[in-house]
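Since the structure comes first, as structure tokens, the remarks are kept for the end.
The values are calculated or read from the model by the stated rules, or taken from the named source; none is laboratory data. Model, not experiment: these values are computed from the prediction. As a convention, Cβ positions derive from the backbone with ideal geometry for all residues, glycine included, and neighbour counts pool all protein chains shown.
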Amino acid sequence: MEFVAKQMFASKMGEVKNLAGGDGEKKEGEEASAETDPEIIKAREEAEEARKEKHRKMEEQREGMRQGIRDKYGLKKKEIVVEEAAPTALPGMEGRLNKPKADQALLAQQAAMSDEDLPLMQQAEKHFNSVKEAATGLFAKLPFFK
């Protein structure tokens, strides 16, 4: 019953909003003229430049305050290191959470890497597997492990 009442009043409320000058739909002519008016576009660009300049000045003031604090307490400024993209990164993959599926060429390239180029965990796994294979081979030769 409530559903029917809502349906009846919802359409009437929409009409009342339009009569009162609410969020009525814009006419195509009004929207197109606002978008293409060069004065409006220029004013928006100037406002954006002023906003950026204001934020740049505020950041300079903040940095001055930070430097004063560093000088007062003998602190060193943290160096921000920008890491370069990995050499195996593919173009167009920036910002992706998932890595692309490994293809055979990439797997062969990683297998050919020297031990020094491998991350520590992969080095440990590689050495562990070689010891495991050697031990398995030795135990296989012993008569009581068959």
With respect to Leu118, determine if the residue is at pLDDT 85 or above and in contact with a helix residue (DSSP H, G or I) (Cβ under 9 Å, 6 or more places away or on another chain).
no
Given (1) of a type outside the set (A, V, I, L, M); (2) surrounded by 10 or more Cβ atoms within 10 Å (Cβ to Cβ); (3) modelled with pLDDT under 75, where does Asn129 come up short, assuming only one miss?
(3)
